[in-house]
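Here's the structure we're looking at; comments come further down.
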Amino acid sequence: MEGRTYTADAEPGDEVTVAGWVHEKRDLGGIAFLILRDTSGKIQVKFEKDEMDDDLVETGLDAHRESVLSVSGTVKEEPRAPTGVEVVPESIDVLAAADPELPLDPSGKVDAELPTRLDNRTLDLRKDEVKAIFEIRAEILRAARDTFRALGCTEINTPKIVATGTEGGTELFPITYFGEEAFMNQSPQLFKQLMAGSGLERVFEIGPIFRAEEHNTPRHLNEAHSIDFEGAFCDHHEAMDAAEAVTTAAYDAVAENCEEQLEALGMAEEFDVPDGDFPRLSYEEALERINATGELDEHLVWGDDLSTEAEHVLGQEVGEHYFITDWPSEVKPFYIKDHDDDEELSTGFDMMHPRMELVSGGAREHRHEKLIEGFEQQGLDPEEFEYYTKMFRYGMPPHAGWGMGAERLVMTVLELENIREAVLFPRDRQRLSP
Ligand code: ATP
Ligand code: MG
């Protein structure tokens, strides 16, 4: 809009046109106020009824809350106004009228349940604390991209419609692709590996993953975003370093660049940046520490996967981000490499926040015969993956990588209770629209 001034930039003495939403109205009789809100903040508009044109006063005061107005006038200093200045209007245009009844109250005076908020995200994001989550999410993704670039990675985009799954058949969403069965991709795993073996060597992708998880939990979505890294000539230690770097960069960026947003979320005082030296516990040590707490009913033994409860117990024990390394080969997927001197032990790792898993990764099996064996052990038909396996016959370097849930990162950085808070339009068992 030509000549528009953001409310935050309006200075006493300026002739301005400000535009935004009617946040609040207060009619005190001879004098009335309207608070106009835009993305930069809010400003008071003052109506002195006896001194102003009736039409002008009526236009301003008849507009229902959340209507969109453009107000032209003079900015005056006013110590009693919320921001110390106010606009004395000369003309007002109603750009879009809002209904008198709203499905939720953007001023936040009336609390709304999450489903109502998700059904009305446009209105929901007019609240500072909700808008802040998505501004911070964008900042976290920017920090991740910058970190990857500093690590020498190239950003890639791989297909989301695929012929086969990689992480086990039950979690796949089937679709019809010109009369043939296809699937929504669960992970860019195989494609990013193919690119680590290309001339690009180090790659990253930030893109959607689709998982037909049956259960509704506060940390699972059916459509999530994965931050993926894959590096040729990297081992699992270097891959863990990269996961640590992206995570700490996310916290750093929020601490440095999102003060206003943290303020809106009531977190500015106690926002802590992790030091980036996350303890690396072996799976075996993890089992011992969990068992030693005596807080689980069962005694965990080698080969057990860690239940949500076990993860919580260990998270409380460790009290900061940490890695679980050296998982038994049998609980990790076929593409994870085993230790050279022990076939039962994999190079697979998980990076954990005390509340939940954030990352899974590992060094990859790059030897063709071993890879084919792995497919067969996992009950997958290597023929179906020939586009992938054949590249391991044409010079596939050792490589390692990981996938990190973007929403889980945002959720843990901001201590959100429910992962859906970190997604504009979540997909779960109940939600396919909007
Ligand atoms: P979990 O055991 O917590 O369900 P996973 O081990 O099945 O996760 P991976 O296949 O290891 O998940 O995916 C790598 C990362 O992607 C996870 O650590 C997590 O951060 C994220 N992720 C995976 N599935 C989901 C999901 N359904 N919703 C949100 N994030 C997910
Ligand atoms: Mg995992």
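Using DSSP to define loop residues, name the trypsin sites (Lys or Arg not before Pro) in the range 348-405 whose beta-carbon has at most 14 other beta-carbon atoms within 10 Å. Sparse-neighbourhood loop trypsin sites (Lys or Arg not before Pro): R367. Among beta bridges from DSSP that stay inside the chain, the antiparallel ones total about 90%. Start at zero, step by 10 Å, and the Cα-Cα distances of the range 333-383 spread as 24, 46, 24, 6, 0 percent across the bins.
With the alpha-carbon atoms of the range 329-434 aligned to their principal axes, the span from lowest to highest coordinate is 45, 32, 24 Å, starting with the largest. Grouping the Cα pair distances of the range 111-180 into 10 Å bins from zero gives a pair-distance distribution of 15, 22, 24, 35, 5 percent in increasing distance order. Over 15 Å apart: what share of the alpha carbon pairs of the range 52-126 falls there, rounded to a whole percent? Taking all Cα-Cα pairs of the range 52-126, the fraction more than 15 Å apart is 66 percent.
Using only side-chain charges placed at the Cβ, +1 for Lys and Arg and -1 for Asp and Glu, the dipole size of the range 73-141 relative to its Cα centre rounds to 160 debye. Given a cut-off of 21 Å, what percent of all Cα-Cα pairs of the range 161-241 lie beyond it? Cα-Cα pairs in the range 161-241 separated by more than 21 Å: 39 percent.
Simple point charges give the picture: +1 on the Cβ of Lys and Arg, -1 on the Cβ of Asp and Glu, and for the range 285-434 a dipole about the Cα centre of about 980 debye.
Loop-resident GluC sites (Glu not before Pro) (DSSP state other than H, G, I, E or B) in the range 141-215 with no more than 11 further Cβ atoms inside 10 Å of their Cβ: E214. The rule of thumb for compact globular proteins, 2.2 N^0.38 Å, goes into the C-alpha radius of gyration of the range 1-88 0.98 times. When the Cα convex hull of the chain is projected onto planes of every orientation, the mean area is 26.1 nm². The alpha carbons of the range 107-236 give a radius of gyration and a Dmax of 18.3, 56 Å, in that order. Candidates G348, L424, Q378 compared by Cα position along the dipole of the range 345-434: farthest toward the positive end lies L424, with charges placed on Cβ. Here R80, R121 are placed in order of increasing Cβ neighbour count within 10 Å, fewest first, which gives R80, R121.
Kindly point out which whole DSSP H helices in the chain project their C-alpha atoms 20 angstrom or further along the helix axis while averaging a Kyte-Doolittle hydropathy of -0.5 or above. Flagged H segments are 128-150, 236-257. Taken over the C-alpha atoms, the range 233-332 has Rg and Dmax values of 16.8, 47 angstrom.
Put in line by how crowded their Cβ is, counting other Cβ atoms within 10 Å and starting with the fewest, H339, H236 read H339, H236. Restriction of the GluC sites (Glu not before Pro) in the range 1-64 to DSSP coil positions whose beta-carbon has at most 15 other beta-carbons within 10 angstrom yields E2, E51.
Put in line by how crowded their Cβ is, counting other Cβ atoms within 10 Å and starting with the fewest, H321, H368 read H368, H321. For the range 295-358, the calculated P(r) over all alpha carbon pairs, in 10 Å bins from 0 to the bin holding the longest distance, is 21, 47, 29, 3 percent.
More than 22 Å apart: what percent of Cα pairs in the range 1-160 qualify? So the portion of pairs separated by more than 22 Å is 52 percent.
Which listed residue (G84, G276, L300) has the Cα farthest towards the positive end of the charge dipole for the chain, taking +1 on Lys and Arg C-beta and -1 on Asp and Glu C-beta about the Cα centre? It is G84.
Since every read-out is calculated from the coordinates, none of them should be taken as a lab result. Bear in mind the structure is a predicted one, so any value in this text is a computation, not a measurement. Neighbour counts run over all protein chains shown; Cβ positions are idealised from the backbone, glycine included.
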